[in-house]
1. Name the single residue, out of those in the range 307-325 being surrounded by fewer than 22 Cβ atoms within 10 Å (Cβ to Cβ) and either in a helix (DSSP H, G or I) or acidic (Asp, Glu) (or both), that is modelled with the lowest pLDDT.
2. Restricting attention to the range 55-80, and to residues there that are crowded, with 19+ Cβ neighbours inside 10 Å and basic (Lys, Arg), which single residue is farthest from residue 303 (Cα to Cα)?
3. Evaluate the following for residue 122: is it farther than 21 Å from residue 71 by Cβ and not in a helix (DSSP H, G or I)?
4. Among the residues of the range 193-205, which ones are touching a helix residue (DSSP H, G or I) at 6+ places or on another chain (Cβ under 9 Å) and in contact (Cβ under 8 Å) with a residue 40 or more places away in the chain?
5. May I ask you to list pairs of residues, at least six apart or on different chains, whose Cβ atoms are under 7 Å apart, with the first in the range 5-22 being touching a residue at least 24 places away in the same chain (Cβ under 8 Å) and at positive phi and the second being of a type outside the set (A, V, I, L, M) and surrounded by 19 or more Cβ atoms within 10 Å (Cβ to Cβ)?
6. So which residues in the range 117-138 are at pLDDT below 95 and over 23 Å from residue 184 (Cα atoms)?
7. Of all residues in the range 81-132 being under 26 Å from residue 163 (Cβ atoms) and touching a Cys at 6+ places or on another chain (Cβ under 7 Å), which is surrounded by the fewest Cβ atoms within 10 Å (Cβ to Cβ)?
8. Could you please find all residues in the range 284-306 being assigned to a helix (DSSP H, G or I) and open to solvent by 30 Å² or more (accessible area, probe 1.4 Å)?
Amino acid sequence: MNVLTIGGAMVDTIVTIASDKIEQVKMRNAESSFLLLEEGHKTEAEEIASSCGGGAVNAAVTASRLGHHTSIIAKIGRDDKGKTILGLLRAEGVDVSWIALDDHEPTGSSVIISSHDRNAAVFTYRGANTKIEASDLPHQAFAGRDLVYVANLSNQSANCYPLVVEHAKAAGALLAVNPGVRQLTARFDDFWHSLKHIDILCVNRAEAQTLMPRLLQSFGDGGAPLIAKNDEPIPPLAKRGLRSGGYEMSLVKFLGALIALGVGVIVLTDGANGAFIARAQELHYRAAEHVVAAATTGAGDAFSSTFACYLADTQDAGRALGAAAINAASVVKFIDTQTGLLTRAALERELERASEAPLFSFSI
């Protein structure tokens with residue numbers, strides 16, 4: 001299979017801090033929690049490491065390790081960080097012919113603070129990631145692709161999203177989209193008009209709740225509760241639904257609205273609470289793998305890109321969901337976003353081992 005990934009390329013500095021060295025504050029009635037650093041105080045870290053990341057890079061490494069011919073479109077600076085990213089991708093067997101170099105902006109970078117539940121706080125400088133232009137997206141780069149995977153497009157790069165969709169569909173490729181918050185807010189019109197062209201839409205709970213207000217305008221709030229088959233247990237997100245701006249929408253109504261708007265398959269992840277996939281009138285849920293997390297950064301990229309690759313390759317949604325859950329669980333065992341990504345052979349072995357893992361089906 002021939003895969004093209006598009007989006008961000010970053011160099012991450014990952015700081016791991018013991019839970020007793022940094023304060024965590026959780027809100028009683030809100031979903032937010034906070035890590036507090038004492039002003040003027042030098043905090044001892046367990047480890048400070050550097051690695052490559054970014055949505056397009058993570059997805060490209062995923063696809064390449066799964067055995068697919070993989071290329072990437074991204075933009076980096078003419079600096080050492082950019083050389084580091086190119087070196088990593090070449091070592092992973094990823095074609096870097098379509099990576100563009102920016103003469104003014106440096107390569108994107110981030111500082112990730114990982115502590116407590118290992119849900120990281122991230123300081124991000126997007127740099128060259130914001131500078132993707134139409135000239136960086138030639139139609140030749142899309143020719144012959146079976147799958148085009150679009151990760152988060154930063155700032156003005158998001159202006160190119162309609163062109164990406166146009167090129168992908170003209171090439172006859174499956175289009176998988178894992179949008180960022182900016183695409184769901186400031187660039188929402190472009191995203192809204194593309195829904196009928198998206199074959200696989202991957203969002204987490206926070207992104208789903210960002211998308212929800214626009215759906216409310218067309219479909220209203222509320223919605224019927226989820227009805228399980230054979231008295232299967234209802235997952236947490238299916239019980240509470242989605243909430244935004246004082247409004248609520250049931251999971252069934254949210255997913256049904258996107259299907260009505262033309263999305264082929266919707267993947268909705270809820271961290272340690274598992275993930276849902278919806279297609280036509282079927283909704284499937286799989287619990288998350290139970291592992292001790294070193295960091296959760298990169299888990300979403302691993303899940304979404306693995307699901308997209310497996311579904312495009314096998315057309316088996318249940319197997320794709322299982323593969324995505326296993327690969328994401330493997331990633332969180334490590335502090336960086338790629339060490340845990342499995343090869344196709346290793347993932348197939350894990351799938352056989354986990355063949356009895358719970359996969360529940362519900363009716364929409």
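The values are calculated or read from the model by the stated rules, or taken from the named source; none is laboratory data. It should be emphasised that the depicted structure is a prediction, and the values quoted were computed from it without experimental measurement. Methodologically, a virtual Cβ is constructed for each residue, glycine included, from the backbone with ideal geometry; neighbour enumeration extends over all protein chains shown. Heads up: the accessible areas ignore ligands, DNA and RNA and are worked out on the full protein's heavy atoms, side chains in. Shrake-Rupley method; radii C 1.70, N 1.55, O 1.52, S 1.80 Å.
1. Of everything passing the filter in the range 307-325, 318 is modelled with the lowest pLDDT.
2. Looking at the filtered set, the residue picked out is 75.
3. Against the criterion (farther than 21 Å from residue 71 by Cβ and not in a helix (DSSP H, G or I)), residue 122 qualifies.
4. 195, 197, 198, 199, 200, 201, 202, 203, 204, 205
5. Matching pairs, first to second residue: 7/54; 7/55; 7/152.
6. Matches in the range 117-138: 117, 118.
7. 85
8. The answer is 300, 301.
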